[in-house]
1. I'd like the full set of residues that are surrounded by fewer than 18 Cβ atoms within 10 Å (Cβ to Cβ), under 13 Å from TYR67 (Cβ atoms) and of a type in the set (D, E, K, R), limited to region 81-97.
Amino acid sequence: MNDEIINTINEEKTSWPSSPQHAHAIFNNSDEMVNHPSHYAEGRKYEPIDVIEDWGLGFNLGNTVKYISRAGRKDKNKEIEDLEKALFYLKRQIELLKNKGRLTNE
């Protein structure tokens, strides 16, 4: 191996977990970010995923609730973007229902 590769490997080793406890803390933090992200869970009685599943909302309405619930929480600079995404999914659901109605009324 050349020196550049060895140096890169040695630099990366310093960011590796230094002990089993350190590794456990890193992985638990990762799990928390995946399973209960703060922009959905923090300060709330119910997480959006629980509401979506309990109400049986499906893809479009579930995404509508998801984006409304995180608007301004995940990234304050993207609050309008999140609300626009919610509107996108809501409009898709409305169009699906309208088209379904056309098919059943013919």
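The values are calculated or read from the model by the stated rules, or taken from the named source; none is laboratory data. Bear in mind that the values here come from a model prediction, so they are computed numbers and not experimental data. Positions of Cβ are backbone-derived with ideal geometry, glycine not excepted, and every protein chain shown enters the neighbour counts.
1. GLU81, GLU84, LYS91, ARG92
Conditions (1) of a type in the set (D, E, K, R); (2) modelled with pLDDT under 95; (3) surrounded by fewer than 14 Cβ atoms within 10 Å (Cβ to Cβ); (4) in contact with a Gly (Cβ under 6 Å, 6 or more places away or on another chain), marked per residue:
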residue	(1), (2), (3), (4)
ILE26	no, yes, yes, no
SER30	no, yes, yes, no
PRO37	no, yes, no, no
GLY43	no, yes, yes, no
PHE59	no, no, yes, no
ASN63	no, no, no, no
ARG70	yes, yes, no, no
LYS78	yes, yes, no, no
GLY101	no, yes, yes, no
